[in-house]
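The numbers here are math on the coordinates, done by the rules we state, and not lab data. Remember, it's a predicted structure, so these values are computed and weren't measured experimentally. Neighbour counts are summed over all protein chains in view; Cβ atoms, including those assigned to glycine, are modelled from backbone coordinates with ideal geometry.
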Amino acid sequence: MLFLLKTLLCDKTYVTQIKEKRGTSDTISLVKTKVSKGDLPMTIITEEMRYRHKLCEYALKHGVTKTARRYHTNRQFVYRQLEKYDGTVRSLR
């Protein structure tokens, strides 16, 4: 079984963790990748936008304080996202 995990270290460096599981032993490899500013993977941005969309929908239904507790963030962040949110995922870039 093979698992991939991408992590953004700074603006231009990503680390991909490759975890391979065979029976009882695990092998973990780390691969560093430098990318230019325009080449950021779209999946990373999409996941963040999806997270913010869920956060905003929950905040509209249950309130800001409850949302901040559930999503382990502060109320100011939730207010900022609600200010940007116009009902579409694209508004939460």
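Odds and ends about this structure:
- Whole-Hz Karplus values for segment 81-93 come out as 5, 5, 5, 7, 6, 10, x, 10, 5, 4, 6, 9, 5 Hz, taken residue by residue from phi with 6.51 cos²θ - 1.76 cosθ + 1.60 and θ = phi - 60°; glycine and proline positions read x.
- With a Förster radius of 25 Å applied to the beta-carbon distance between residue 83 and residue 50, the computed FRET efficiency rounds to 0.85.
- For segment 44-93, alpha-carbon Rg relative to the globular expectation (2.2 N^0.38 Å, N residues): 1.01
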